[in-house]
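The values are calculated or read from the model by the stated rules, or taken from the named source; none is laboratory data. Predicted, not measured: the structure shown is a model, and the values here were computed from it. With ideal geometry, Cβ positions are generated from the backbone for all residues, glycine too; neighbour counts draw on all protein chains shown. Accessible surface areas use protein heavy atoms only, side chains included; no ligands, DNA or RNA. Shrake-Rupley method; radii C 1.70, N 1.55, O 1.52, S 1.80 Å.
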Amino acid sequence: MKRSHLSIFAAVLPGLALGSADAAANPDPPLAASAPSAASSAPDDSVLGTVQVNGAAGIGIVYPKLAVVPLVTKSDADTLAQLVTKRDFELSDEYDVVEDVPDGPFLRDTELTLDDWKKKRIEIVVRVWADGSGPTTTLCGDLRFTTDRLPKDDAIWKAAFQTKVPIGAASVRGATHVLVDRLFGALTGKPGAFASELAYSTAVGTARQIRRLDADGFDLRDYGPAGQTALLPSIGPAGEIWYALSENYSPYRLAHGPQGTPTSLAAPGSLLGYSFSPTRDRLAVAFMAGGVSTIYLGKADGTDLVSIKTPKYADHPVLGPLGKVAYVADYRVWIDGKAISPSGFIASAPTFCDTDRGLLVLFTVGVGKGADLIGTDTTGGGLFRLTMGQGANTWAACSPDGRRVGYFSTRTNGEGPGLYLASLRDPSRAHRISKEPGEGLSWARRDDLAAVAATP
Amino acid sequence: MKHLKNSIALVALGLSIASSACVSKATYQASVADANAAHQDAAKKQATIDELRTRLAQTEKDVQLRDQAVSALRTDQHNLQQHLDEATAMNQSLRDELTRLGKDVDKVLAEKGSMASELRDAKARLDELRKAQAAAESRAALFKSVLERLKKLVDAGDLKIAMRDGRLVIQLPNDILFDSGSAEVKPAGRGTLKKVADVLATIKDRKFQVAGHTDDVPIASTRYPSNWDLSTARAVEVVKILIAAGLRPQTLSAAGYGEFDPIAPNDGPASRAKNRRIEITLVPNLDELYSIPEPK
């Protein structure tokens with residue numbers, strides 16, 4: 001029964017992830033007593049809405065056709081920048097990235113002819129290339145629209161937008177994400193979030209290890225101490241990764257950094273969950289002590305913690321914009337003292353999404369033998385469904401630009417189980433970026449690219 | 001464990017008996033021996049337990065290391081798969097580009113073949129032009145040289161120097177050389193021809209054609225039944241004088257055109273006088289025969 005406290009994860013209740021070693025060893029946790037009667041009489045999930053999840057033509061959205069100019073080049077940096085750009089745009093699910101482009105060859109300085117691209121019904125033409133070599137390399141990118149009207153037939157088709165990103169100490173791949181963020185900003189009016197990373201924990205034998213990977217699925221790597229139980233990673237103050245850590249079955253505590261440096265919090269018990277505010281200056285924590293869970297709010301350094309009034313067994317606090325606090329209690333998601341998740345469904349793992357549609361809350365609800373992702377506004381209205389009938393889909397995390405959502409799925413059809421990314425606009429076109437199962441997903445901008453992104 | 005308990009019980013019993021002195025010494029000693037054996041057995045078993053615990057701890061550590069190794073392999077596999085997918089995409093992209101370039105290469109090769117042919121033609125034309133230019137320059141130099149040397153005769157109106165059909169031609173009016181209807185050169189004419197011969201003699205490796213021309217007034221004398229006869233006889237006569245003046249016979253030829261190669265319309269006395277003439281033409285060298293090729 002070693003690490004038996006981890007068995008709690010077997011339930012489709014990611015919001016109830018943590019507990020003290022002693023409490024978790026109890027096979028009959030008190031939470032079960034207040035579970036809704038979903039198990040005995042399954043709720044009608046039609047109230048959650050439907051979403052087409054065949055992964056085919058989406059939900060009827062017509063995507064603008066976008067092409068990345070295939071430059072003929074001897075430069076590896078050119079080639080890599082083109083591939084990364086193309087993949088980022090594909091993953092965005094905002095464009096139909098096409099391969100059928102006019103006959104080249106296209107060099108860096110080849111003048112593009114508007115009519116050639118228009119004939120292919122391509123609406124946006126993206127060109128990226130690298131100037132220089134090594135640390136002095138500068139990535140360049142520009143955009144053209146075939147809806148442009150040239151003053152004369154023989155006029156040069158000028159770029160509508162141009163940008164340059166000096167690589168500096170970053171990699172070509174990383175700097176390309178920054179470049180694409182800017183191109184995306186020029187296209188949509190709001191920069192993209194491709195220069196970002198996801199973090200989660202995964203089982204390594206009987207331990208739990210923090211993993212990080214870039215938002216395009218590249219560069220998977222371990223973080224934090226090995227052989228222990230590290231859960232719920234997120235990027236906190238100073239751009240460090242924070243997580244809940246248990247060593248040798250000790251109570252969970254908040255730790256950070258690669259060595260698992262502990263943070264002293266003036267709250268009793270074992271850490272159940274925590275969250276930093278989007279500005280990373282506030283902290284919400286949930287502790288379990290004596291069979292009672294309590295949520296505290298305070299400064300990001302763990303001082304000035306004050307408990308807030310919640311229903312029993314409150315867990316998984318999440319700080320959102322405008323000082324909003326979401327948490328799970330009595331199997332429902334609560335915001336500002338009001339349950340917003342649909343009644344009768346076991347809800348868990350809420351997360352805020354600052355989108356063009358306003359501030360949304362995404363969470364998991366148990367449906368039948370699986371679990372689906374649901375979204376609502378902060379009052380529980382405007383309910384919509386992101387997944388449907390494809391295994392257990394859990395641990396939603398929103399991209400920093402609020403356009404996309406990442407989550408773990410156990411689906412056995414399509415691309416199979418793993419970590420998926422999907423756009424909130426059309427979640428049916430989900431892309432798997434990793435086969436690895438996990439929990440406690442978070443998504444944040446890459447601090448190591450902040451300097452590159454800050455260049456004018 | 002059961003055996004150990006039995007042993008301890010026996011030892012206790014032995015001690016009890018010994019302390020009460022109710023047993024024989026032999027029995028007592030046997031019991032002590034049993035107790036010692038039991039102690040030794042217990043110690044051995046404890047050692048075994050300790051060893052097993054150590055091995056278990058090591059095994060747990062090995063399992064943990066194995067789990068971490070598996071995790072590392074999983075990470076490597078993921079990253080390799082990502083790069084493989086990317087390399088596959090890159091390969092496809094390159095293949096597409098190769099296909100596109102292949103079409104372009106064929107096109108370029110065809111264009112190159114055509115261009116090479118055009119280049120060869122252009123080079124040939126250039127060579128022709130260079131040769132023609134050299135010939136023209138040579139002719140111009142010769143013209144200038146001859147003109148300078150015969151300047152006095154030209155100024156005196158005894159002869160004209162002209163370029164006709166690209167050839168240098170010295171035109172001598174018949175009125176200076178011959179009387180009407182005669183092929184005999186007048187004394188004044190001989191003097192002019194001598195001066196011309198002196199200049200022509202300085203032009204090396206050249207041949208000269210002497211041609212007689214008449215106007216269109218018919219002649220019907222016994223000696224010259226036609227202008228053909230008269231013009232030819234006059235040319236021959238001039239040739240003889242030029243030979244006598246020092247020109248090599250091998251460089252000379254004579255021809256008569258009659259009235260059929262006029263340089264002016266035979267519509268009056270002045271124009272007819274122009275057509276009555278002797279022309280000494282410098283026969284062009286081969287390299288002067290290059291004409292400027294027409295562009296294709």
Q | Alpha carbon centroid spacing (whole Å) that separates segment A:356-418 from segment B:126-154 | A | 96
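B:H83 to A:A454: FRET efficiency via 1/(1 + (r/R0)^6), r the Cβ-Cβ distance, R0 30 Å, to the nearest 0.05? Don't skip to the answer; put the middle values down first.
Details: r = 29 Å, r/R0 = 0.96.
That gives a FRET efficiency of 0.55.
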Q) How do B:T202, B:T281 stack up against each other in accessible area, from largest to smallest, with a 1.4 angstrom probe? A) B:T202, B:T281
Q. Per-residue mean of other chain beta-carbon atoms within 10 angstrom of the beta-carbon, peptide A:204-211?
A. 4
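Return the Rg/Rh value of the protein assembly as shown, two decimal places, where both radii are evaluated on C-alpha atoms and Rh is the Kirkwood radius. Numbers along the way, then the final one.
Numbers: Rg = 52.7 Å, Rh = 35.4 Å.
Answer for the protein assembly as shown: 1.49.
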Q. Once amide H atoms are built 1.01 Å from N in the peptide plane, which residues 5 or more positions from B:G256, or in another chain, come under 5 Å H to H?
A. B:G212
Q: Grab every C-alpha pair in segment B:93-207, bin the distances at 10 angstrom width from 0 up to the longest one, and report whole percents.
A: 11, 25, 18, 11, 9, 8, 8, 6, 3, 1
Q | segment B:67-109-segment B:156-170 distance, computed between alpha-carbon centres (Å) | A | 81
Q) Between B:H39 and B:L129, 0.36 nm times their residue separation minus their Cα-Cα distance comes to what? A) 20.0 nm
Q) Taking a Cβ-Cβ separation under 4.7 Å as the criterion for a possible partner, which cysteines of chain A have none? A) A:C140
Q) What are the ³J(HN,Hα) values, in whole Hz, obtained from phi via the Karplus relation 6.51 cos²θ - 1.76 cosθ + 1.60 with θ = phi - 60°, for each residue of segment A:76-89 in sequence order, with x given for Gly and Pro? A) 4, 5, 4, 4, 5, 4, 5, 5, 5, 4, 4, 5, 4, 5
(Q) I'd like the Karplus ³J(HN,Hα) series for segment A:336-348: coefficients 6.51, -1.76, 1.60, θ = phi - 60°, whole numbers in Hz, and an x wherever there's a Gly or Pro. (A) 6, x, 10, 6, 10, 7, x, 5, x, 10, 7, 10, 7
Q | Kirkwood-based Rg to Rh ratio, segment A:170-221, C-alpha trace | A | 1.16
Q) When all alpha-carbon pairs of segment A:91-248 are counted, what percent fall beyond 26 Å? A) 46
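For a protection proxy built on the mean count of beta-carbon atoms within 10 angstrom, sort A:435-445, B:48-58, A:395-405, A:112-122 highest first, please.
On the way: A:435-445: 21.0, B:48-58: 10.2, A:395-405: 24.2, A:112-122: 15.6.
Averaged packing, sorted descending, gives the order A:395-405, A:435-445, A:112-122, B:48-58.
What is the extension gain from B:D175 to B:V236, computed as 0.36 nm multiplied by their sequence separation minus the C-alpha to C-alpha distance, in nm to one decimal?
Numbers: separation 61, 0.36 × 61 = 21.96 nm, distance 1.69 nm.
Between B:D175 and B:V236, full extension yields 20.3 nm more.
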Q.
At a threshold of 8 angstrom on Cα-Cα distance, excluding pairs fewer than six apart, so keeping six or more, what relative contact order does chain B reach in percent?
A. 17
Q.
Give the lysines whose C-alpha is closer than 18 Å to that of B:K194, dropping any in the same chain fewer than 8 places away, or say none.
A. B:K151, B:K152, B:K160, B:K186, B:K204, B:K207, B:K240
Q: May I ask for the net charge around B:R149, where only other residues with Cβ less than 15 Å from the Cβ of B:R149 are counted and Lys, Arg are +1 while Asp, Glu are -1?
A: +4
Q.
I'd like to compare A:313-325, A:254-266, A:173-185: which one has the highest average count of other Cβ atoms within 10 Å, and what's the full order after that?
A. A:173-185, A:313-325, A:254-266
Q: Tell me the label-point distance for the pair A:S171, A:R432, using the 7 Å Cα-to-Cβ offset, in nm and rounded to one decimal.
A: 2.3
**Q.** Alpha carbon centroid spacing (whole Å) that separates segment B:185-249 from segment A:246-291
**A.** 128
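As a test of the definition: which semi-axes, in Å, follow for segment B:143-288 when you take the square root of five times each eigenvalue of its alpha carbon gyration tensor? Largest first, please. Could the numbers behind the result be given before it?
Values: eigenvalues 111, 53, 45 Å².
Equivalent ellipsoid of segment B:143-288: 24, 16, 15 Å, largest first.
Dipole of the protein assembly as shown, Cα-centred, from +1 at each Lys and Arg C-beta and -1 at each Asp and Glu C-beta, to the nearest 20 debye?
On the way: 89 positive and 89 negative charges, 248 e Å.
About 1180 debye.
Between A:T410 and A:T279, what FRET efficiency comes out of the Förster formula 1/(1 + (r/R0)^6) with R0 = 35 Å and r the beta carbon distance, rounded to 0.05? Walk me through the numbers before you get to the answer.
Working: r = 34 Å, r/R0 = 0.98.
The calculated FRET efficiency here is 0.55.
Would you please classify the overall shape of segment A:321-415 from the alpha carbon gyration tensor, given that a ≥ b ≥ c denote the square roots of the eigenvalues, rounded means a/c under 1.5, and beyond that prolate means a/b larger than b/c while oblate covers the rest? Walk me through the numbers before you get to the answer.
Values: a/c = 2.13, a/b = 1.28, b/c = 1.66.
Note, shape of segment A:321-415 comes out oblate.
Taking Cα atoms of segment A:367-456, Rg/Rh with Kirkwood Rh, to two decimals? Don't skip to the end; give the middle numbers.
Details: Rg = 14.6 Å, Rh = 14.2 Å.
Expressed as Rg/Rh, it is 1.03.
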(Q) Checking the cross-link filter: which lysines have an alpha carbon closer than 25 Å to that of B:K44, excluding same-chain neighbours under 8 positions apart? (A) B:K2, B:K5
Q | Segment B:D50-B:R167, length gained on full extension (0.36 nm per residue, minus Cα span) | A | 29.5 nm
**Q.** Along each principal axis, Cα extent of chain B, largest first, Å
**A.** 196, 37, 31
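Per residue of A:97-103, how many C-beta atoms from partner chains lie within 10 Å of its own C-beta, taken as a mean? If you can, show how the numbers build up before the last one.
Numbers: counts 0, 0, 3, 1, 2, 1, 6.
Mean shielding count: 2.
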Q: Step through the residues of segment B:239-256 one at a time and calculate ³J(HN,Hα) from phi using the Karplus curve (6.51 cos²θ - 1.76 cosθ + 1.60, θ = phi - 60°), rounding each to whole Hz and writing x for Gly and Pro.
A: 4, 4, 5, 5, 5, 5, 7, x, 7, 6, x, 5, 9, 10, 9, 10, 8, x
Q) Which of the lysines could a cross-linker span from A:K164 if the Cα-Cα distance has to be under 28 Å and same-chain partners fewer than 8 positions apart are dropped? A) A:K65, A:K74, A:K86, A:K118, A:K120, A:K190
(Q) Between B:A122 and A:T188, how high is the FRET efficiency from 1/(1 + (r/R0)^6) when r is the Cβ-Cβ distance and R₀ = 60 Å? Nearest 0.05. (A) 0.65
